[in-house]
1. Search the structure for amide H atoms under 5 Å from the amide H of Val49, placed 1.01 Å from N in the peptide plane, and list their residues when 5 or more places away or on another chain.
2. Pop out the ³J(HN,Hα) list for the range 360-365 in order, Karplus 6.51 cos²θ - 1.76 cosθ + 1.60 with θ = phi - 60°, rounded to Hz; leave Gly and Pro as x.
3. Kindly provide the helix-only [θ] at 222 nm of the chain, computed as the sum of -39,500 (n - 2.57) over DSSP H runs of four or more divided by all residues, to the nearest 500 deg cm²/dmol?
4. Against the longest principal axis of the chain, how steep is helix 411-424, in degrees 0 to 90 to the nearest 10, with axes from Cα atoms?
5. With every protein chain left in place, what is the accessible area of Glu71 in Å² (1.4 Å probe, nearest 10)?
6. Against the longest alpha carbon principal axis of the chain, how many degrees, from 0 to 90 and to the nearest 10, is the axis of helix 236-256 turned?
7. Pairs Lys70/Lys113; Lys70/Lys198; Lys113/Lys277; Lys113/Lys198; Lys320/Lys343: which are spaced more than 21 Å apart, C-alpha to C-alpha?
8. Once you sort the root eigenvalues of the Cα gyration tensor of the chain as a ≥ b ≥ c, which label holds: rounded (a/c under 1.5), prolate (a/b larger than b/c) or oblate (the other case)?
Amino acid sequence: MGCGPSIPKKYTIGGKGRKRRSIIQEVAVFVPTVRIPVASDIVHPLRGVVSKDLVDRLSSLRAHVVELAKEIYYADVSAVSELQHALEEYLPVVLGLTMKESRLESSVQFRWKTLDDDQECCLASAWYEVLSVVHMMAMLALFEANLTLIPKNGQVGGERKVSEDAKKDVVDSLLRASGCLDYSVHRILVQIPAQVKKSFPTYLQEGMLEAISIQALAQCVEIQLGLASECEKATLSVKRRLACEQVSYFSQAHYCLSGCDTSDSYGKKLLLFLKWKCMEAKAVAYYYHGLVLDKGGEPASHISAVCCLSAADDLLSEGKRACLSFCLANPVTRVPPPWGVMKNMHKKIPDVAYKKFQVYGHLFEKDKNSALQSIPDLPEFALSLRPEGYELPSTDSIWENVNGQPQIQSLKEHLIDDEDEVDTK
């Protein structure tokens with residue numbers, strides 16, 4: 001897994017042998033390594049089996065996606081939207097290969113590669129192609145969210161200035177990405193034989209897809225909590241609930257990876273990201289939980305509040321170390337400036353923890369052996385966010401009456417096909 005805007009610009013797509021630039025990027029939304037389609041031979045396997053018009057359309061739509069995807073590392077939001085649209089046009093047509101009546105599911109070898117390291121995976125499976133397309137749509141949604149939160153023309157390492165409307169757009173993108181990945185796990189992977197899935201790259205593992213889907217929800221809550229922290233009308237209880245939900249989502253995402261192969265650099269990077277974010281989320285959750293408990297009038301409430309705030313301070317320090325470990329892990333990324341709710345927490349948490357201990361420290365001296373001096377559990381809340389609903393589009397009408405049987409070509413059509421093949425050589 002790589003990282004969102006964090007996707008390194010050091011990779012040049014336009015040809016071999018060109019010098020690569022090394023630019024360390026910053027991360028707002030974590031994006032796994034971007035996979036792009038590679039030119040594949042669609043014409044030969046389908047020639048004489050389906051109509052020439054269908055072959056031409058399928059081939060040209062995929063070629064258009066291939067061409068647009070080459071420059072994704074340098075894309076702006078409009079370019080990402082154009083690529084999304086190209087994928088949406090291609091998907092209904094390639095879905096025809098998955099129809100049982102077409103008997104063409106394994107007729108074409110589809111090639112995809114990662115832009116980070118050019119690792120290629122080529123499989124003769126139309127469902128693999130559909131999974132790869134929907135996966136790419138999810139990654140582009142995450143990539144778009146990243147671009148929005150870290151404008152290209154912004155000052156490197158400076159404060160992120162993002163409007164409230166832009167943040168809401170980011171939430172929409174994250175929910176869309178989560179929906180695509182959730183659908184991939186529950187509706188697409190089940191269509192693919194186990195033997196084919198054994199050849200999948202690690203980032204298409206079921207647990208990996210689930211983890212990124214839940215991580216996207218966690219980052220939705222992260223943005224919502226940031227907005228709530230800036231809203232005077234938002235109560236402490238609301239902020240605490242959002243912080244606790246964020247902890248739950250990041251913890252679930254981390255758990256999903258427990259059965260996955262994360263031995264490569266991208267798997268390790270994802271684990272470090274989730275560890276970092278989970279620590280930050282816990283720090284904020286304990287901070288708000290401590291403030292809520294402190295409103296109680298009993299000495300026990302004040303003791304519990306101080307314990308929570310002390311835990312928040314410790315977690316904040318651990319989170320800083322976890323952030324550094326994440327950034328130094330390959331591929332290296334820039335240490336991001338605090339943003340959202342964390343923008344003020346690096347000062348608030350230690351200050352409030354110190355002040356509360358100064359006020360209520362004498363309570364600890366009175367009852368040193370009290371069980372109340374242990375850190376209280378965080379409250380659990382029902383999770384409010386779900387992946388956005390996603391469904392595959394209907395198969396394109398061009399597939400009507402296709403039965404997968406060899407088609408009889410006239411001599412003229414056969415000669416034209418042969419001329420086209422010669423021209424492409």
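1. Gln407
2. 10, x, 5, 5, 5, 5
3. One gets -18500 deg cm²/dmol as the mean residue ellipticity at 222 nm.
4. With both axes taken from Cα atoms, the answer is about 50 degrees.
5. Glu71 exposes around 90 Å² with every protein chain in place.
6. 50
7. Where the Cα-Cα span goes over 21 Å, the pairs concerned are Lys70/Lys198; Lys113/Lys277.
8. It comes out prolate by the Cα gyration axes.
The values are calculated or read from the model by the stated rules, or taken from the named source; none is laboratory data. Model, not experiment: these values are computed from the prediction. Cβ atoms come from the backbone with ideal geometry, glycine included; neighbour counts cover every protein chain shown. Ligands, DNA and RNA are stripped out before the accessible areas are found, and what is left, the full protein with its side chains, is counted by its heavy atoms. Shrake-Rupley method; radii C 1.70, N 1.55, O 1.52, S 1.80 Å.
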